[in-house]
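Report on the structure given below.
What follows is calculated from the coordinates using simple rules that are stated; it is not laboratory data. Please read all numbers here as calculations on a predicted model, not as lab measurements. Here Cβ is always computed from backbone atoms with ideal geometry, including for glycine, and neighbour counts include all displayed protein chains.
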Amino acid sequence: MNGIPYARDYKVTLCHVCSYVCPEDAHECPRCDSPVHRRKPNSLTRTWAFLIAGLIFYIPANLLPVMYTTMLGSSSENTIMSGVIEFAESGSWDIAILIFIASVVVPCIKFLVLGLMLVTCQRRSTWAMRERSRLFRFIELIGYWSMLDVLVVALVAALVQFRGLSTIEPRLGILFFGLVVVMTMLAAMTFDPRLIWDAEVEDVR
């Protein structure tokens with residue numbers, strides 16, 4: 001970055017917990033007493049583990065039903081995509097699009113972007129470092145919106161309970177989808193975006 005200095009050039013490092021600027025040789029943060037590291041320990045390995053776990057959970061999250069509906073004696077089980085299709089066919093395009101974005105588009109974007117981050121950092125690529133950093137911040141920003149689908153099922157199941165007329169119950173698929181959201185959030189939290197810029201120097205540990 002045209003000679004812009006690193007924190008180590010000033011013999012300081014950043015606390016991962018409270019963002020306090022600590023001396024380079026500090027082992028604990030003076031503010032919060034958390035361990036201080038120049039980079040998050042085993043960042044790439046832990047991020048890969050959470051990302052792969054999220055991918056594994058994403059398969060049953062899409063194949064298993066997320067909601068069981070009983071309406072006037074007729075019952076049905078819906079997966080994420082069948083629920084989106086049902087909302088669309090009933091004319092609720094806004095809800096269908098919202099659920100599709102939160103349940104399908106956002107998780108897939110997170111998988112692709114985090115995978116890109118991991119591969120490029122492991123290869124110490126200098127390609128589009130600034131853009132990759134911004135992309136990672138965007139992923140952090142949208143990550144929590146994936147929980148929208150879980151909240152929709154929980155709210156609908158709690159509100160629509162007319163005994164003898166209609167009931168809605170969550171199914172196992174929503175549990176796996178919740179695990180997908182948690183795994184991708186943990187993957188984003190364990191990834192250290194400073195690794196993107198370490199490709200500029202040769203001796204960063």
Q) So, counting K/R as plus one and D/E as minus one, what does the shell of residues with Cβ under 14 Å around His16 add up to? A) +3
**Q.** Compactness of the stretch 1-118 as Cα Rg over 2.2 N^0.38 Å, two decimals
**A.** 1.71
Q: Determine ³J(HN,Hα), in whole Hz, for all residues of the stretch 180-193 in sequence, where each value follows from phi through the Karplus function 6.51 cos²θ - 1.76 cosθ + 1.60 and θ = phi - 60°; x replaces Gly and Pro.
A: 4, 4, 5, 5, 6, 5, 5, 4, 5, 6, 7, 6, 9, x
Q: Compute the Rg to Rh ratio over the stretch 7-57 from the alpha carbon atoms, using the Kirkwood formula for Rh, and round to two decimal places.
A: 1.15
(Q) Sort His16, His37, His27 by Cβ crowding within 10 Å, fewest neighbours at the top. (A) His27, His37, His16
